[in-house]
């Protein structure tokens, strides 16, 4: 796990809420404080979509940020910054497979409980935190290290400046 400070709040939040930069991620949860507090559980109830509609979903368990982003934009737009927000992103299953191939790690996609990117805005600072979850016991930190490296690469690719927090 790494903690990164994202000093360019304006650019980063524009990419997050108005751009498509984070659209490939799934949402585990969101908390947001504006004119009131909002708590969003990103899990999709199994019986909400028809079988036909489920075929078009990125994931059958969590909503894609691409689908939730317009609502989130509506909640935060205006002249005032949110008091705080926290968004827990999870890498989609097909991207977990790509990640494993790119890194050469010996895990199977079923062994990966989740690859997470948490964004948190609090007290005027925006930070990013990485996290991993394995469904198997492993003392190796290879997964953590590769995910940390991948997240830094993602931020660089999206031209989002960051500094490692101590």
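Coordinate-derived values only; no laboratory data. Remember, it's a predicted structure, so these values are computed and weren't measured experimentally. Note that each Cβ is placed from the backbone with ideal geometry, even for glycine, and that neighbours are counted across all protein chains shown.
Can you report the principal axis dimensions of segment 28-101 using only the alpha carbons, biggest first, rounded to whole angstrom?
41, 32, 16
What percent does the relative contact order of segment 1-117 come to when contacts are Cα pairs within less than 8 Å and at least six residues apart?
30 percent
Cα convex hull of segment 82-146: how many Å³ per residue?
Each residue corresponds to 97 Å³ of Cα convex hull volume.
Using Cβ contacts closer than 10 Å as the measure, can you line up 112, 9 from fewest to most?
Ascending number of Cβ neighbours within 10 Å: 9, 112.
Can you put 66, 60 in order, fewest other beta carbons within 10 Å first?
Ascending Cβ contact count within 10 Å gives the list 60, 66.
I need the fraction of alpha carbon pairs in the chain separated by more than 29 Å, rounded to a whole percent.
20 percent
Taking neighbour counts of Cβ atoms within 10 Å as a proxy for exposure, in what order, fewest first, do 165, 53 appear?
Starting with the residue having the fewest Cβ neighbours, the order is 53, 165.
Listed highest first by mean packing, meaning other Cβ atoms within 10 Å per residue, what order do 143-156, 14-27 come in?
In descending order of packing, they fall as 14-27, 143-156.
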